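Asker: One structure follows; several queries about it will come next.
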């Protein structure tokens with residue numbers, strides 16, 4: 001199966017699920033995707049950054065990737081955010097145009113995380129999404145919880161948005177629409193059920209690890225790049241982004257990261273929340289990526305941990321790390337993978353808990 005994800009932590013989440021089900025899994029950043037690195041067997045997950053692009057840019061990137069993989073006979077799954085963010089309709093439309101799929105089923109529900117769709121309304125823990133913190137998302141704020149209001153042109157473009165409150169609903173939907181002419185798009189629960197129904201393979205148990213970073217002698221660099229980040233007390237020095245850089249300055253000299261040269265372990269944080277909007281989001285992840293590259297040039301850590309999909313994408317692109325082999329799923333959505341240079345990379349979506357990582 002080929003998966004196209006609109007951010008890198010979503011891609012890692014899907015790769016982790018496929019890994020636990022016995023699949024051979026490769027994660028490839030879209031910047032390096034081509035005929036030679038799409039596996040003929042197993043699962044290849046293509047990570048894009050289209051959620052952080054403009055709609056026109058996202059359409060162009062989706063069409064480019066679809067053209068690169070269109071020769072493959074493998075079914076395609078489109079991974080989207082479980083909080084309705086991203087250029088969903090535009091990307092699915094472009095994907096259908098290139099690949100020849102006649103319609104799409106868009107199911108962002110994740111019942112395993114209490115994210116459901118009932119009567120066309122999206123709920124998180126029984127609260128309509130527009131009444132949650134996602135209403136303040138800097139790029140895709142949830143102003144309504146009604147899917148038909150959020151994606152007004154979906155039905156006209158051949159995109160079906162069914163209800164789903166549990167696993168049984170998801171399996172029923174897959175059975176109803178699995179005809180070879182329909183592309184499935186949505187969150188992790190949909191992919192998990194879909195891959196179960198695609199093939200009967202030996203299922204591995206989820207590989208869980210508990211890592212005590214404070215007791216580890218390995219060099220560890222942690223990037224808390226999400227606006228929903230929680231303070232981590234791990235016995236590792238913390239270097240908060242200075243207010244001047246947060247507010248728009250681009251001089252990295254202002255950021256005191258001198259502790260890294262003493263221990264080769266450091267936590268980079270953004271301890272402010274007062275800036276919103278696309279420009280602010282781009283500036284913050286860019287500064288985090290630049291600072292990381294600067295630190296990696298001093299000493300490449302044995303373990304790089306990144307929270308937040310946009311930050312992860314910007315950082316890995318800045319470092320030039322674009323191909324990975326999945327090694328473990330720590331918890332749902334928290335995935336470890338090995339870069340080609342040997343560094344262990346752990347990714348976690350900003351809105352997910354740390355699970356068993358700490």
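The values are calculated or read from the model by the stated rules, or taken from the named source; none is laboratory data. This structure is a prediction, so every number in the text was calculated from the model and none was measured. Glycine gets a Cβ as well: all are built from the backbone with ideal geometry, and neighbour counts include every protein chain shown.
Asker: One residue is enough: does the stretch 168-176 have a residue meeting the conditions closer than 30 Å to residue 96 by Cα, assigned to a loop (DSSP other than H, G, I, E, B), modelled with pLDDT of 95 or more and not assigned by TED's automatic domain parsing to the domain that holds residue 299?
Answerer: no
Asker: Now for a separate question. So which residues in the stretch 308-320 are over 14 Å from the mean Cα position of the chain (by Cα) and either touching a residue at least 60 places away in the same chain (Cβ under 8 Å) or assigned to a strand (DSSP E or B) (or both)?
Answerer: 317
Asker: Could you check residue 268 against (1) modelled with pLDDT of 95 or more; (2) surrounded by fewer than 18 Cβ atoms within 10 Å (Cβ to Cβ) and say which number it fails?
Answerer: (2)
Asker: A further question follows. Under the condition of being farther than 17 Å from residue 244 by Cβ and surrounded by 14 or more Cβ atoms within 10 Å (Cβ to Cβ), which residue from the stretch 271-284 is modelled with the highest pLDDT?
Answerer: 282
Asker: Being buried (at least 16 other Cβ atoms within 10 Å of the Cβ) and either at pLDDT 95 or above or under 19 Å from the mean Cα position of the chain (by Cα) (or both) narrows it down to one of 58, 68, so name that one.
Answerer: Result: 58 is the single residue among 58, 68 that is buried (at least 16 other Cβ atoms within 10 Å of the Cβ) and either at pLDDT 95 or above or under 19 Å from the mean Cα position of the chain (by Cα) (or both).
Asker: Oh, and also: State the number of residues belonging to the stretch 235-267 that are assigned to a loop (DSSP other than H, G, I, E, B) and either outside the structural domain of residue 287 (by TED's automatic domain parsing) or under 29 Å from residue 136 (Cα atoms) (or both).
Answerer: Residues in the stretch 235-267 being assigned to a loop (DSSP other than H, G, I, E, B) and either outside the structural domain of residue 287 (by TED's automatic domain parsing) or under 29 Å from residue 136 (Cα atoms) (or both): 8 in total.
Asker: Follow-up. What strands (runs of 3 or more DSSP E) completely inside the stretch 31-148 contain at least 2 residues that are in contact (Cβ under 8 Å) with a residue 40 or more places away in the chain and either touching a strand residue (DSSP E or B) at 6+ places or on another chain (Cβ under 6 Å) or not assigned by TED's automatic domain parsing to the domain that holds residue 7 (or both)?
Answerer: Once the strands (runs of 3 or more DSSP E) in the stretch 31-148 are filtered for at least 2 residues that are in contact (Cβ under 8 Å) with a residue 40 or more places away in the chain and either touching a strand residue (DSSP E or B) at 6+ places or on another chain (Cβ under 6 Å) or not assigned by TED's automatic domain parsing to the domain that holds residue 7 (or both), what remains is 43-47, 76-79, 103-107, 115-118.
Asker: Given the criterion closer than 21 Å to residue 251 by Cα and either in a loop (DSSP other than H, G, I, E, B) or in contact with a helix residue (DSSP H, G or I) (Cβ under 6 Å, 6 or more places away or on another chain) (or both), identify the matching residue among 274, 283.
Answerer: 274
Listed here are the residues, each with its yes/no results for (1) farther than 15 Å from residue 8 by Cβ; (2) out of contact with any strand residue (DSSP E or B) (no Cβ under 7 Å at 6 or more places or on another chain).
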residue	(1), (2)
284	yes, yes
297	yes, yes
301	yes, no
308	no, yes
321	no, no
332	yes, yes
342	yes, yes
345	no, no
